[in-house]
Amino acid sequence: MAINQVPDQASVKKANNIPFDIEAVHIQEPKDQEQEIMVFDYAKRSQWLRAAVLGANDGLLSTASLMMGVGAVKKDVKTMIFTGIAGLVAGACSMAIGELVSVYSQYDIEMAQMKRGGRTRNMGATELDAEKAKLPNPWQAAGASAVSFAVGALVPLLGAAFVKDYAVRVGVVVVVVSFALLWFGGLSALLGKAPVVKSSLRVLIGGWMAMGVTFGFTKLVGSAGLQ
């Protein structure tokens with residue numbers, strides 16, 4: 001009875017006239033399976049970007065419009081400066097409290113959803129702390145809003161602080177606020193990967209409208225004898 005023999009590699013190459021070594025042949029996997037393409041999600045920036053940029057814009061526009069409105073009927077520099085300072089403090093506090101309440105509500109909703117889903121039952125203390133760290137931070141958002149509002153409010157205050165002439169002071173405030181609006185609009189567009197020119201012009205035109213309406217309405221009220 002003949003015994004079947006397994007042919008070696010040399011016999012296989014000779015029989016099939018293979019001019020290369022079979023061991024040298026390697027099957028390469030597609031590069032798409034080996035390499036992971038990292039794509040940054042710009043939406044992750046939305047929380048702190050919204051609090052910081054909107055806070056700065058609010059501080060800039062609110063304080064500038066308030067100073068312009070009061071300046072329409074009270075032209076001395078002290079009144080405009082004190083008005084701006086009051087607007088800075090009140091606005092920063094209002095922004096911080098509003099952001100704190102808003103983000104705390106979001107935090108409570110997400111924690112309640114985790115408990116309803118039973119996710120917290122099987123978690124240890126470390127895992128639970130890690131999950132909580134992923135949730136929005138109310139105090140961080142409140143602080144970012146207050147600081148950014150104050151930074152924005154300082155722009156018209158510094159612009160008007162050293163100018164005694166009324167007409168020149170109003171012009172300086174409009175110029176510095178316009179440049180700041182363009183800068184804030186461009187910064188938010190760059191961080192969010194949005195069109196820079198379109199975003200900047202939208203913020204600038206909106207700021208002009210806010211200051212113009214406030215100045216005109218207060219001037220109208222003042223001319224009616226209610227100052």
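Considering only the range 126-169, state which residues are of a type in the set (Val, Ile, Thr) and touching a helix residue (DSSP H, G or I) at 6+ places or on another chain (Cβ under 6 Å). Give the steps one after another, and end with the answer.
Residues of the range 126-169 that are of a type in the set (Val, Ile, Thr), as a first pass: 126, 147, 151, 155, 163, 168.
Listed by number, the residues that qualify are 151, 155, 163.
Testing residue 208 on (1) within 19 Å of residue 53 (Cβ to Cβ); (2) over 20 Å from the mean Cα position of the chain (by Cα); (3) surrounded by 17 or more Cβ atoms within 10 Å (Cβ to Cβ), one condition comes back false. Which one is that?
(3)
Taking the criterion of being modelled with pLDDT under 80 and either assigned to a helix (DSSP H, G or I) or closer than 28 Å to residue 203 by Cβ (or both), would at least one residue in the range 141-150 satisfy it? Spell out how you get there, then give the answer.
Taking the range 141-150 and keeping what is modelled with pLDDT under 80, we get none.
Checking the range 141-150: not a single residue is modelled with pLDDT under 80 and either assigned to a helix (DSSP H, G or I) or closer than 28 Å to residue 203 by Cβ (or both).
The values are calculated or read from the model by the stated rules, or taken from the named source; none is laboratory data. Since this is a predicted model, take the numbers as computed values, not measurements. When we count neighbours, we look across all protein chains shown, and the Cβ atoms used for this are built from the backbone with ideal geometry, even at glycine.
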